[in-house]
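Report on the structure given below.
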Amino acid sequence: MNTDLLHTMCKEATRKAFNEFKRQIDIELFPLDNSIKEVLQSEMLQNITGTVTKHFVNNYNLSTIQIDLYKKIALQTSNNYAAKFLN
């Protein structure tokens, strides 16, 4: 398995998913509370794993350890970001 490609794809997917998370908070379509934050985080995690998992399942033996690491990083970062908007 190409771990450099996995790292690059995870990093790009995480960045893209987190930027979408931030965008949805910043447009203030809904007042942010914990339930909305959790829904947004769930969507973010799906966006991280979707593309990466599809590529590596089809082409390699997927290493879920690295994907789980990026999911943890994205969750912590999104919690920190959302804390600025939660009361």
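The values are calculated or read from the model by the stated rules, or taken from the named source; none is laboratory data. None of the values given here were measured: they were computed from a predicted structure. Every residue, glycine among them, receives a Cβ derived from its backbone with ideal geometry; neighbour counts consider all protein chains shown. In case anyone asks, the SASA skips ligands and DNA or RNA and just uses the protein heavy atoms, side chains included. Shrake-Rupley method; radii C 1.70, N 1.55, O 1.52, S 1.80 Å.
Which residue out of K71, K37, K11, K22 is free of Cβ contacts under 8 Å to residues at least 60 places away in the same chain and open to solvent by less than 40 Å² (accessible area, probe 1.4 Å)?
Exactly one of K71, K37, K11, K22 is free of Cβ contacts under 8 Å to residues at least 60 places away in the same chain and open to solvent by less than 40 Å² (accessible area, probe 1.4 Å), namely K37.
Of all residues in region 51-87, exactly one satisfies the criterion of being under 11 Å from the mean Cα position of the chain (by Cα) and modelled with pLDDT under 85, namely I67.
Here region 25-34 is the region considered, the condition is being of a type in the set (A, V, I, L, M) and free of Cβ contacts under 8 Å to residues at least 60 places away in the same chain, and the residue that is surrounded by the most Cβ atoms within 10 Å (Cβ to Cβ) is L32. When restricted to residues that are outside any loop (DSSP other than H, G, I, E, B) and more than 9 Å from the chain's Cα centre (by Cα), region 21-39 contains 11. Scanning region 40-61 for residues that are in contact (Cβ under 8 Å) with a residue 60 or more places away in the chain and surrounded by 12 or more Cβ atoms within 10 Å (Cβ to Cβ) yields a count of 0.
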